[in-house]
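The block underneath contains the structure these notes are about, expressed in structure tokens.
What follows is calculated from the coordinates using simple rules that are stated; it is not laboratory data. The structure presented is a predicted model; accordingly, all values stated were derived computationally and were not measured. When we count neighbours, we look across all protein chains shown, and the Cβ atoms used for this are built from the backbone with ideal geometry, even at glycine.
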Amino acid sequence: MKIVPFKKEHIKKLMDLEPNYRRLFYGTKQHYLKSFPEKQNVWTGLDDNNRVVGCSGVYELWKEVGEGWLLASNLIRKHPLTTIKTMKQNLNMLMKQYKRIQIVVQNKFPEGMKFALMLGFKPEGLMVRYGPDGRDYMRMARTR
């Protein structure tokens, strides 16, 4: 797996690999896609065939507080250790400029919760009916 600078076209490629994402990219998610920054703190992981494993980044909410995000294809299951190692390195670097990076993980998604815990995020509280589909999510954060 190789890490490259994020481009919005990577999201479109990801949607081709994962058709289920398409339903998430309507309404607020589509607006959110338009706001993805193509600058620092945003990366894409590509496999040896240049398929998108995942896109991730952190955007600043306010001074020293960032919101992390990850959109991954099923290819992430073929590269779990590389993904975790790379994301941990990126997060450790970012924690020098942020005092808090927070994320949300769907509450009934054990793989996502485990992944977040492995990256050093700690659960803070349940966000009832938070998601666009009405599902509950867990707020998690890394702080210094």
Local net charge near Lys2, Cβ-Cβ under 10 Å (Lys/Arg +1, Asp/Glu -1): -2
Projected area averaged over orientations for the range 31-141, convex hull of C-alpha atoms, nm²: 7.4
Long-range amide H partners of Met127 with built H, under 5 Å: Tyr137, Met138, Arg139
Karplus (6.51, -1.76, 1.60) ³J(HN,Hα), θ = phi - 60°, over the range 65-72, in Hz, Gly and Pro reported as x: 10, x, 10, x, 8, 8, 10, 10
GluC sites (Glu not before Pro) restricted to the range 42-136 and DSSP loop, no more than 15 other C-beta within 10 Å: Glu64
In nm, spacing of pseudo-spin labels at Leu17 and Leu126 (7 Å Cα→C-beta vector): 3.3
